[in-house]
Each structure stands twice: as C-alpha cells, then as structure tokens.
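Written out below as structure tokens is the structure these notes cover.
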There are 2 protein chains.
Amino acid sequence: MNQTIGFIGLGVMGRSMANHILQAGYHLNVFTRTKEKAEDLLKAGAVWKNTVKELAEESNVIITIIGYPQDVEQIYLGDNGLVQSARPKTILIDMTTSQPSLAKKIYENAKTRDIQVLDAPVSGGDIGAKEARLAIMVGGERAAYEDCLPLFEVMGQNIVYQGEAGSGQHTKMCNQIAIASGMIGVCEAIAYAKNSGLDPETVLKSISSGAAGSWSLSNLAPRMLKEDFEPGFFVKHFIKDMGIALEETNHMQMDAPGLELAHKLYNELAKNGDENKGTQALLKLWKS
Amino acid sequence: MNQTIGFIGLGVMGRSMANHILQAGYHLNVFTRTKEKAEDLLKAGAVWKNTVKELAEESNVIITIIGYPQDVEQIYLGDNGLVQSARPKTILIDMTTSQPSLAKKIYENAKTRDIQVLDAPVSGGDIGAKEARLAIMVGGERAAYEDCLPLFEVMGQNIVYQGEAGSGQHTKMCNQIAIASGMIGVCEAIAYAKNSGLDPETVLKSISSGAAGSWSLSNLAPRMLKEDFEPGFFVKHFIKDMGIALEETNHMQMDAPGLELAHKLYNELAKNGDENKGTQALLKLWKS
C-alpha cells in the first residue's frame, strides 16, 4: 500500500478503475487530457500531475487506459514519454485495448531501461469497471504480473496471466471477436421479435437464460429496448478494436467473415453519426 | 399425476424429457419411428404404442418433439394423425422447433374438434434436457398453458407464456437467430487464439465470464477444444431452424446478414459431411 500508482486516462472505464485504487488506500497520481474528468478523483485525494513525464518520475507503477494505439505509442515511446521518463524498476501497465505488436515493441524498448511492461486489457464494460468485476487478461513477464496482482485485484475479479508480452492484447482480440458477431445476433433477434408482433421484453425472459444466453443479451438488449444508447462502451472504440483484430486476422491469413460483417455494420452506424453512442446502438440499423 | 401423457419423438432431447415425465410419476405412452430408442423408457415403465392413432386415443396430453415441419404436419394433420385421432379436451403440445405459420394452422384445425394445441419449443440443448433446466417458450391459449404448467415444470426451469398460437415458435426463432451469429464469433475467437499462439483453454478462462461470455462459449467452446463434435444439437437441425427463420425474415422484409452468413457456413459444414455432428463442429471450417 505504500506504492504510488500513476494513472493516465480517465474515461468511462478509467475513472472507475482509478477510484477503486484510491479507495484501496494507494497513493494515486493522475494525468489525463481533459482535466475536468479528474475532478472527483482529486477531491477524493488523488494528486494531479501536469505532464506524463512528471507522473512517470513520481510513481512506482503506472497504469494507462487511453484511446487508440497511436496514443499508446505516443505516451509510451514519444519524447518525455513513459519509457523515457520512468525510473528503473517501474512497472508500466497498459490496460488500453491496443495492438499486440505495439505491446511487444514497448515491452522490448522498456526492457533496455530495466522497466517492466505488462499489457493488461480488460473486459466487462462500464458496469464491470464500476463494480470492480473486470476480467483482466495479462501479457508480459510472469514476475511482473505477480507483483501487480494485488493491484489488479482491486479492479477486477477474473485476472489471468496469458503469456509473453502481447498475449494480453491477443486475448482481448479473442474477446472482441466473440462479441462482434454476437452483437449482430442480439440485434437480429430483437428486430425479429418486434417484427413478428411479440413483446421483446417477454422474449428476453425466455431466451436470456438458455442456449442463446450471453452477456450482451442480458446487459445490452434491455438497454436497446429502452432505446438507451448511451455508452457503456463507445461504438468508435469498438470499431478501433475490430480494426486491430482484422489487421491480425489478415496477417494470419485467417477467414473472419463474422468479424468483417460486424466491422462493416458498425462503420455504417458510425457513418450515420452514432460513433459516440454505446455498442448497443447497433440496433438502430434495424429501424423498421 | 393421474394424467396419461403421450410422448412422440425420442431423439437426444426427447428421451431425457420423457424420462423426467416418467420419473415424476405420470403414466407415459410412447411412440417413435425407431423403437430401439424407446427401450430404456419401456424398461422404466413407459408403455409402447404401435401408432400415432393408438397413442392419441389413450392419452390426455400429448407431447411431440420430432424432426422437421413436414413431420409435424404429417403427425398432426395427416390421416390417423393427432388432430384426427385425439379425444376432445386433449391438449397437444408440439415442442419441436417448427414453423410459426404451421403452429397456427394446427391450432386452428384442432380447435374445431375441441382440442387445444400449444407450440412450446425449448432451448438449453442436451444438457438442459438432461438436467431438466430447459427454457420452454409457449404459444397458444393461456388457459391451456396454465393447465400444462406442472408438466412443463418437470422438464424445464424457465417457462414463459409468449402469446397466441405461433408465439412459442417465433420466440424460438429469436433464440436461434441470437445463437447463429454468436457461434461464428465463438469459432473465430478460438481460431484466432490458436493462430496467435495463445493457449485456447487459458483464453477461455479470461473471456468466458466477461462481456464476451455466452452459453455457447461456456458450453460448446470447451467441446471444440477437445475436438468433441458429438451432438448435442445436430447441425442438420440447426440448418432447418435457420431456414425457417430466414423464410420469416424474408416475409418480414427484414435484413438478417448475420443469420444468412451462419446459414451459409453451416450449409458448407453439412456439405463437408458433418450434418450429423453437433453445432460446435462449425469450428472445423477454421481448420488451419
């Protein structure tokens, strides 16, 4: 508990996660692009840092959960970035969903300065983050993983070491791939229920607990029925994730027709102006 | 309990369901195309009937769970079929996944002879049937549904009245539609895990309980990893169900690209000779 944790990125997920760390009694340094997003945390005792460099120099473990791979690359490998500024023996944990290849590159760069890096993306959405029930999938050196386990346990419940650097990101890709096609199925099921004159809420009572059951069906379908399309998990971020996954499947020469279809449909949704909605907004494509 | 139940169709699902009825203390008459499939039930006290007609004349409630809509039409509406042979006040329950329009037609025909019909397809697979944890989605008249509730409770746990005749089948279509695309996602996730050098079993530990979680991922993915492709739920039956759903979505002029893709992939699988495997055999299309 005498560790000082640095936290960069206070979006929907990050704010909840940082708050759990603070509540667990750690010293917490924070930095994020939009300072207002830090206000509640600062009131609760977190310390604002004006730059990545400043935060890096004054933290033992640094967690990032930010937007896009280019942001990750900038913050880790850019001038005055984490790898350049952190002290030797610091552990850096990127919880952003990002490229497996970039995770490897950061790991290797940091290693030359005696800094450990873990890639540790999460799943479980805004609810999982709020309730500290995230799944955390971790790549990097096992010893660093073990050092950080108490910290992970403050944010999540299902924490699994997946292997060498990049393995956390690869696992997250598996997760997003499974979700992608599944979301199409959920939307088509609800659209069918409406079109056939059934009561969609009563249909959910039947299908949510059987062989069609899924997290999406239990958690997102009810929001769809209320036309509550607030994020949760942003359409634009899901498109980013599916884009990374498609780069990887192309590289593997692996067919992924379900993932391609989902990527196409979500891009259509974004083109309609819904990129800042939650992923459950996909249903809007089935407006009858 | 003094009711005599007739049961027609002793496939993977039917055998377990009929057995629960027998164990609950009902008198049970059985008939099925292949008599050997009845052997265990007969040893346990069920009574064999040589024809649909004979079974119909000697049962108060008759349950069918058979193969295809044409079989349902034949057994219900054909010569010496259930509607012709059952006594007035009998309740007929079709638990086959079949056409909503056919369910309506049977209901209307039977009504003229003072026979009630419920369409009550199930979800939960072989495991759900074995453990009496099926979801049962029921269409027809509410009074008949209420009369049969104790019987449904012997076979399932999540029993929901969905509305007029055909509504059970429409609900089951929602269920199959949600599963169809979801299965593509599960296969692609596993294929990705293998191709990226991860340990797929460890990946499942990460992704099964988070936002990618689903019944398919928890129950079928582990069978996929063991290359256990036994049914479970037959590929050929799933193709039948998706065919019915596509007839309906075409009729509704509703886009269903995920369902179409799944139907296409499963047909490919059947063409490869796997129509009698379980639906988890879809992974075989991703053989690398």
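Between residue B:111 and residue A:228, what is the label-to-label distance in nm when each label sits 7 Å out along the Cα-to-Cβ direction?
3.9 nm
If you take the square roots of the eigenvalues of the alpha-carbon gyration tensor of the range B:206-285 and sort them as a ≥ b ≥ c, do you get rounded (a/c under 1.5), prolate (a/b over b/c) or oblate?
Oblate is the answer for the range B:206-285, as a/c is 1.5 or above yet b/c matches or exceeds a/b.
Quick check: the angle from helix A:142-155's long axis to the longest principal axis of chain A, C-alpha only, nearest 10 degrees?
Taking Cα atoms only, the helix is inclined about 60 degrees.
How would A:101, A:123, B:208 line up from fewest to most surrounding beta-carbon atoms within 10 angstrom?
Neighbour counts put them in this order, fewest first: A:101, B:208, A:123.
Helix A:257-269: angle to the longest alpha-carbon principal axis of chain A, degrees 0 to 90, nearest 10?
Once rounded, one gets 90 degrees.
Normalized C-alpha radius of gyration of the range A:4-164, against 2.2 N^0.38 Å?
0.92
From the label point of residue B:45, set 7 Å along Cα to the beta carbon, how far off in nm is each other copy's matching point, shortest first?
Nearest first, the other copies' label points are 6.5 nm away.
Go ahead and set up a Gaussian network model of chain B, Cα springs under 10 Å, then flag whichever of B:122, B:186, B:30 fluctuates most.
Of the options given, B:186 has the highest mean-square fluctuation.
Taking a label point 7 Å from Cα toward Cβ, how far is residue A:113 from its twins in the other copies, in nm, shortest first?
Here the equivalent label points are 8.3 nm apart from this one.
Where does each of A:146, A:54, A:188 land when they are ranked from fewest to most other beta-carbon atoms within 10 angstrom?
Going from sparsest to densest Cβ surroundings: A:146, A:54, A:188.
Take B:119, B:274, B:241 and order them by how many other Cβ atoms sit within 10 Å, fewest up front.
So the residues, fewest neighbours to most, are B:274, B:241, B:119.
Please state the shape class of the range A:120-188: rounded when a/c is under 1.5, otherwise prolate if a/b exceeds b/c and oblate if not, all from the C-alpha gyration tensor.
oblate
Could you work out how far helix B:235-252 tilts from the main Cα principal axis of chain B, as a 0 to 90 degree angle to the nearest 10?
Relative to chain B, helix B:235-252 is tipped by roughly 80 degrees.
If I model a spin label at residue B:89 and residue B:218 as a point 7 Å from the Cα along the Cα→Cβ vector, what separation in nanometres do I get?
Reported label-point gap for residue B:89 and residue B:218 is 4.3 nm.
May I ask you to evaluate 6.51 cos²θ - 1.76 cosθ + 1.60, the Karplus curve with θ = phi - 60°, for each residue of the range B:86-102 and list the ³J(HN,Hα) values in order in whole Hz, giving x for glycine and proline?
5, 6, x, 6, 5, 10, 9, 10, 8, 9, 4, 7, 8, 6, x, 5, 5
Translational diffusion coefficient of the protein assembly as shown at 20 °C, 1.002 mPa s, Stokes-Einstein with Kirkwood Rh over Cα pairs, in µm²/s as a whole number.
Answer from the Stokes-Einstein relation: 84 µm²/s.
How high is the FRET efficiency from residue A:271 to residue B:146, r the C-beta distance, R0 56 Å, rounded to 0.05?
The calculated FRET efficiency here is 0.70.
Expressed in nm to one decimal, what extension gain is obtained for the pair residue A:44 and residue A:199 from 0.36 nm per residue of sequence separation less their Cα-Cα distance?
51.3 nm
Which of rounded, prolate, oblate describes chain A, given a ≥ b ≥ c as roots of the alpha-carbon gyration tensor eigenvalues and a/c under 1.5 marking rounded, otherwise prolate only if a/b is larger than b/c?
Prolate.
I need the inter-copy label distances for residue A:253: point set 7 Å along Cα to C-beta, values in nm with one decimal, smallest first.
4.5
Given H placed on each backbone N at 1.01 Å, which residues far from residue B:117 in sequence or on other chains put an amide H within less than 5 Å of it?
Here B:92, B:141 satisfy the definition.
What number, in percent, do you get for the relative contact order of chain B if the mean sequence gap of Cα pairs under 8 Å and at least 6 apart is divided by its residue count?
Relative contact order, chain B: 13 percent.
Relative contact order (percent) for the range A:1-123, with alpha-carbon contacts under 8 angstrom and 6 or more residues of separation?
Dividing the mean separation by the residue count of the range A:1-123 yields 23 percent.
Over 32 Å between Cα atoms: which of A:226/B:287; A:130/A:240; A:264/B:271; A:194/B:236; A:35/A:264; B:43/B:271 fall into that group?
A:226/B:287; A:35/A:264; B:43/B:271, as the Cα separations exceed 32 Å there.
Values quoted throughout were computed directly from the atomic coordinates according to the rules given, and no laboratory measurement underlies them. Every value quoted in this text rests on a predicted model; they were computed, and no experiment measured them. Every residue, glycine as well, gets a Cβ built from its backbone with ideal geometry; the counts of neighbours run over all protein chains shown.
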